[in-house]
Amino acid sequence: MARSILTRLLLMIPTFALVMIIIFVLVRLLPGDPALALAGDRASDAELATIREKLGLNDSLLTQFVLFIKATLSGDMGRSILMRAPVSAVIANKLPITIFLAVYSVGLSLLIAGPLAFVAALNRGRWPDTLIRTVFQIGLSMPVFYIGLVLLTFLAAKLRLFPVGGTGIGLFGQLYAMFLPAMAIAFYTSAIILRNLRSAIIEVLDADYVAFAKVKGLPPRVILGRHVLRNALISTVTLVGLSIGNLMSGTLVTETVFAVPGLGRLMLEAIFARDYPLIQGLTLTFAVLVSGVFLMTDLFQSWLDPRMRQ
Amino acid sequence: MKLFSTVAMIALLAGSLSTAWAQDRGGVLNFARYDGSKLIDPIYADRNPDIWMVMNLFDTLLTMKDGVAIDNLTQSHAVSPDGLTLTLTLRDDIKFADGTPMTGADVVFSLDRARNKDLTSWADLISSIDTVSAEGNVVTVTLEHADPAILSMLATFSTAIVSKAAFDAAPGATDQEKSAAIFASGKPGVGSGPFYLSGFSQGATMDFTANPHYWRAGADGKPLPYLDGVHFEIIPDDATRVLKLQSGEVDVAELIPFSRVAELKADPELRMELFPSTRIIYAPINTRETRTDGSANPLADVRLRQALNYATDKDALVALVLQGSGAPMSSPLMSSQTPLAADMSPLYGHDIEKAKALVAEAGIQPGTSLTFTTLAGSADDATVFAALQQMWAPLGVNLVVEQVDSATRGAKNKSGEFDIHTYGWSDDVADPAQVVGWLGYNPTANSVGTGWNDAAFNGLYEAANAEVDPAKRAEDYRKMQEIYAEAAPLLWLFETPYAVAMSKKVEGYVQLPLGVNKFDEATIKQ
């Protein structure tokens, strides 16, 4: 097991290297440069030339790349042009909020989807099943920003049950202030998890070993917990892992609508400002986060399904 | 009994009058911004969210009133008859927010920073300065050449005064590192403005606290500001910003979309303000003979550029995009709020017959295709494009859209790889030289990327920059506006106000035409 983890970790190195090379080149292929974005519309050609010189943008691409790799290997991601601060500090400042939102929304999704998937699967074809699937079909078909605005308008602005945007202070403050953004994401994510988990449960319920367990006279609690849930979870875990990976970088819309200052919004700002060091730093961070989540997903799957350990 | 009731009446009256006259003081104003500041330092403020906040934390030597620079941190100022020496006598009651007094050395330090080309892109604003020296509270500024805009520039954010001692004591090897360290510290002492920065979370929140040593007095004779502080929240989404205001979580929300102005005006809890601004929306037209792909550029013909302007119904655009909260541009080179703006309205008033005649005269073939480059995701740009496509169809012009992000649009403007694209501008200084240099003086930036280059115009601009006689300078600017209007290197669209909505509890907050958010005289009813 330890060897398998080590192999996986070593395999991540070429992945990160490839990601860095691709993003280094891609971001420089975009029209416009940081000098233009930084100085804004009013800058004269002479001012732009000065800024480019200061930022080292006049160096050859190869020189820039070598400097960038050297700095990255020594743990220095450079200074953000837009934020005028070290990239690592800028990212470290936003990272907790993004991880919190991702974990919170996936947690809510599981809390919603888990029990309801069981109810739907055990009542296959009957009204509870139809009702649950219909409601969550809406979750799948509505854009997250729209769900967000509806939640904000009614629960926050009209009923004033929650604050309109913001992140709150302290664990409970954060749980309270970020309930609506987490819920907006969870409505969508739980719909996907629910569909998958429901089908998996139905499939497992029809399996011979479940029928055998019933024949053995095991109590339903044991059958559902030990045999059905554990086996049905195998495919769902992959889906949850993918969702967390997505949420690390893909909460841009939610972050904007709910005024949550996370990494998604930061990435958008960085791209608009052509802030090369910040874009590179964020991409590397996302790559590490997503790889980490996928590694944990695999480990959890191996625990659930011994066949995967071989 | 009668005497008693009279005394009671007088006491009651005096009580109610004193209540009516009592100046609201205290409280923290909650303000929802569309974008956050990055670094509020007079010389490093590059973006509007930074520039527009500088004057709350720092003070300038002079200040503008009715288009004239008057004393602010100075008790008097004088210009020598040859226009080459400025003598500024500082007030002796100015203190930075930590209580240390402001001296001539701080002024020398600040102006030397502000004109250092290695530090700031704003150095050109005061490039006429040769030396700055101080003796006691008298500061002497000598100029290399007479500069008609120098007094306005000493009222501009980039020349605001910072504390030399704060910079000397700050950690960091370079001026920029020191500035960032001071900004991050959240301690008073670097500025003498009505507030000091007391809290900052990048992209999330920012806090200003009242400077207890501020020198200007309010209506009640006590020092300004009236507020204890201002708390800013960064809420980029327009709809969320409005909801935040409607739910009472913030007292003011800025940059209200024009489509929501009427609705918020009707809200009994709120006051919708449209502050006059120097913001203009226009579209540079590529005037080069050939496009970057080598094809002939029909827009090189001034008659087509004029025809497009005549065919554009600006009032209709104001109604469509701004819902009436704005006006067509009246000067071809600046907003109507900019000093020396000529009122040439209607500037290319809607006249489709004249447009058709000009197109025929220029020999433009029906079906001529032009590309209109807009900002992706901008609803306003999309509306302008759809309207122009219809308005120009009778001329035989086939308008196609190209959507790009802001940095790409900027790059296209620089490289000349466009036909016509949307653009906007707000003045940063209270003088027309900046906007006119940008839009029309070719050496600055290719006349806003259009490639238009007129020797007579360039000569007038250079002459005006050294003209100390106000009447002659105004005449130079009048001529430049006439030349520019005739040459039509732009499609003129409209001027927009700053739309700010606030709770009725808030009084005295203003956004100035240059965009400055002014909180020193703002109050909030407790």
**Request:** Quick one: angle between helix A:2-29 and the longest Cα principal axis of chain A, in degrees between 0 and 90, rounded to 10, please.
**Result:** 40
**Item:** Coil-residue trypsin sites (Lys or Arg not before Pro) of segment B:16-123, DSSP, other Cβ within 10 Å capped at 13
**Value:** B:117
**Item:** Hull volume in cubic angstrom per residue (convex hull over the Cα atoms of segment A:2-73)
**Value:** 103
**Request:** Determine the principal axes of the Cα atoms in segment B:25-156, then give the extent along each, sorted from largest to smallest and rounded to whole angstroms.
**Result:** 49, 32, 30
**Message:** So if a site counts as exposed when it's one of the GluC sites (Glu not before Pro), its DSSP state isn't H, G, I, E or B, and it has at most 13 other Cβ atoms within 10 Å, what's the longest stretch of chain B without one?
**Reply:** B:290-526
**Request:** Can you check what the net charge comes to around residue B:365, using other residues whose Cβ is under 15 Å from the Cβ of residue B:365 (Lys, Arg +1; Asp, Glu -1)?
**Result:** 0
**Complete:** Most exposed to least, judged by fewest other Cβ atoms within 10 Å, B:98, B:293 sort to B:293, B:98
**Item:** From phi via Karplus (6.51, -1.76, 1.60), per-residue ³J(HN,Hα) for segment B:407-415 in Hz, x at Gly/Pro
**Value:** 5, 5, 4, x, 5, 5, 4, 5, 8
**Request:** Take the Cα pairs of segment B:394-526, get the Kirkwood Rh, then feed it into Stokes-Einstein at 20 °C and 1.002 mPa s and tell me D in µm²/s.
**Result:** 119
**Request:** For chain B, find the longest principal axis of its Cα atoms and tell me its angle to the long axis of helix B:379-392, 0 to 90°, nearest 10.
**Result:** 30
**Item:** Order of B:265, A:216, B:412 - criterion: other Cβ atoms within 10 Å of each residue's Cβ, fewest first
**Value:** A:216, B:265, B:412
**Request:** Over segment A:42-134, consider all pairs of different Cα atoms and compute the Kirkwood hydrodynamic radius from their mean reciprocal separation; express it in Å, one decimal.
**Result:** 18.4
**Request:** Go ahead and run the numbers for FRET between residue B:400 and residue B:34, Cβ-Cβ distance against an R0 of 35 Å, rounding to 0.05.
**Result:** 0.70
**Message:** Output the 0 to 90 degree angle, nearest 10, between the alpha-carbon long axis of helix A:276-304 and the longest principal axis computed from the alpha carbons of chain A.
**Reply:** 20
**Message:** Can you compute the charge dipole magnitude of chain A about its Cα centre, using +1 on each Lys and Arg Cβ and -1 on each Asp and Glu Cβ, nothing else charged? Give it in debye, rounded to the nearest 20.
**Reply:** 1080
**Asked** For segment A:90-309, what number results from the quotient of the Cα radius of gyration and 2.2 N^0.38 Å?
**Response** 1.15
**Complete:** Counting Lys and Arg as +1 and Asp and Glu as -1 over every other residue whose Cβ sits under 9 Å from the Cβ of residue A:198, the net charge comes to +2
**Message:** Report D for chain B in µm² per second (integer): Stokes-Einstein, Kirkwood Rh on Cα pairs, 4 °C, 1.567 mPa s.
**Reply:** 51
**Asked** So what is the 222 nm mean residue ellipticity for chain A from helices alone, if each DSSP H run of at least 4 adds -39500 (n - 2.57) and you divide by all residues, rounding to the nearest 500 deg cm²/dmol?
**Response** -24000 deg cm²/dmol
**Prompt:** Helix-derived [θ] at 222 nm for chain B: sum -39500 (n - 2.57) over DSSP H runs of at least 4, divide by residue count, nearest 500?
**Reply:** -9000 deg cm²/dmol
**FRET efficiency, residue A:308 to residue B:463 (Cβ-Cβ, R0 56 Å, nearest 0.05)** = 0.10
**Asked** What size of dipole, in debye to the nearest 20, comes out for chain B about its Cα centre when the only charges are +1 on Lys and Arg C-beta atoms and -1 on Asp and Glu C-beta atoms?
**Response** 960
**Complete:** XL table B:187/B:244; B:38/B:472; A:94/B:187; Cα-Cα > 32 Å flagged, in table order, is B:38/B:472
**Request:** Can you find, among B:456, B:399, B:141, the residue farthest towards the positive end of the dipole of chain B? Put +1 on the C-beta of Lys and Arg, -1 on that of Asp and Glu.
**Result:** B:399
**Fill in**
For the protein assembly as shown, the dipole about the Cα centre with charges only on Cβ (Lys and Arg +1, Asp and Glu -1), to the nearest 20 debye, works out at 4380
**Asked** Once the other residues with Cβ under 14 Å from the Cβ of residue B:216 are scored (Lys, Arg +1; Asp, Glu -1), what is the net sum?
**Response** -1
**Complete:** Reduced to Cα centres, the span from segment A:48-73 to segment B:351-409 in Å works out to 39
**Request:** Name the residue farthest towards the positive end of the dipole of chain B from the options B:268, B:219, B:110, assuming +1 on Cβ of Lys and Arg, -1 on Cβ of Asp and Glu, about the Cα centre.
**Result:** B:268
**Item:** Value of Rg to Rh for the protein assembly as shown (Rh from inverse mean 1/r over Cα pairs, i.e. Kirkwood)
**Value:** 1.03
**Request:** Pull up the DSSP beta bridges for chain B and report the antiparallel fraction as a percent, rounded to 5.
**Result:** 75
**Asked** How much of the DSSP beta bridge set in the protein assembly as shown is antiparallel, as a percent to the nearest 5?
**Response** 75
**Complete:** Checked against the positive end of the charge dipole of segment A:2-73 (+1 on Cβ of Lys and Arg, -1 on Cβ of Asp and Glu, about the Cα centre), the farthest of A:30, A:68, A:11 is A:11
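The numbers here are math on the coordinates, done by the rules we state, and not lab data. Every value quoted in this text rests on a predicted model; they were computed, and no experiment measured them. Using ideal geometry, Cβ is built from the backbone for each residue, glycine included, and neighbour counts are taken over all protein chains shown.
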